[in-house]
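Asks: After the structure tokens below, expect a handful of questions from me.
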Amino acid sequence: ASPAAPPAQPVRLSKITLTKAAPAVSLTKQGATSGAMRVNLTWSARRPARGWMKKGKGAVRLENVDLDLSCLWELQNGEKGIVHPINNRFGSFDQPPYVRLDQDDRTGSSATGENLVINLDHAAEIKRLLVFVVIYSGASNFAGLDGVATLYPLTGPPIEMHLDECTVPAPVAAIALIENVGGELIVRREAKYIVLQPGILKQQAVDLEYGWGMTWNAASKD
């Protein structure tokens, strides 16, 4: 008699990639319901095509581009705000909003990029988080820039999202929306480029796109 076949081993995903066809995943169903979840942003300059520098005044210059990883947050009690480097609003891990930005990488030279850390021990207090990136200086839009955002929950596989190629003059890109839906945390890939309207600040444009309802004033880094 033939030997019995060994029992099938469970499939262990090394990474989940969110795409247009499969844009969402449940953190809760992946077992990511506690501990620190790191959201990492890395970016690089795509090699310019032949004749790139002959595109004239509108060509994007890729050197010394400063991208800011940011997060609009809203808690179940109605409190809302933003985590980003401007005015040193780096957030807090142990206190509201339970989101902390680790650094401001102004050149993209940091090996670890910029990271938001979300305290999932307080997931029940979080209503929604919108992770986005702003070009603070060095370029007028995302053309020629390759961005990758990866979520690293304490339990379950990493969740990766690529920014699609930018085809509009947008200095802001929404990356991911994390929502508490009936106690279940859902991550949805956005990959949405936002074009500014006259007189609108970059962060304000994200607010208007997603209906955050905050008041905005112009500010700059130190």
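Asks: Using the heavy atoms of the protein chains and a 1.4 angstrom probe, tell me the accessible area per residue for the stretch 130-171 in square angstrom.
Replies: Accessible area per residue: 35 Å².
Asks: Follow-up. Going through the cross-link list Lys20/Lys127; Lys20/Lys192; Lys192/Lys221, which pairs have a Cα-Cα distance over 21 Å in this structure?
Replies: Distance filter (> 21 Å) returns Lys20/Lys127; Lys192/Lys221.
Asks: Something else: Quick one: which residues, 5 or more positions from Leu185 or on another chain, have an amide H under 5 Å from its amide H? H modelled 1.01 Å from N in the peptide plane, none for Pro or chain starts.
Replies: Amide H to amide H, under 5 Å and 5 or more residues apart or across chains, Leu185 pairs with Leu27, Thr28.
Asks: Return the carbon/sulfur percentage of the accessible area of the stretch 84-222, one whole number, probe 1.4 Å, all protein chains in place.
Replies: Solvent-exposed carbon and sulfur of the stretch 84-222 make up 48 percent of the total.
Asks: Tally Lys/Arg at +1 and Asp/Glu at -1 over every other residue whose Cβ is under 11 Å from the Cβ of Arg128; what's the total?
Replies: Neighbour charge sum, excluding Arg128 itself: +1.
The values are calculated or read from the model by the stated rules, or taken from the named source; none is laboratory data. As the structure is a computational prediction, the values presented were derived from the model and not from experiment. Here the Cβ is made from the backbone with ideal geometry for all residues, glycine too, and neighbour counts use every protein chain on show. In case anyone asks, the SASA skips ligands and DNA or RNA and just uses the protein heavy atoms, side chains included. Shrake-Rupley method; radii C 1.70, N 1.55, O 1.52, S 1.80 Å.
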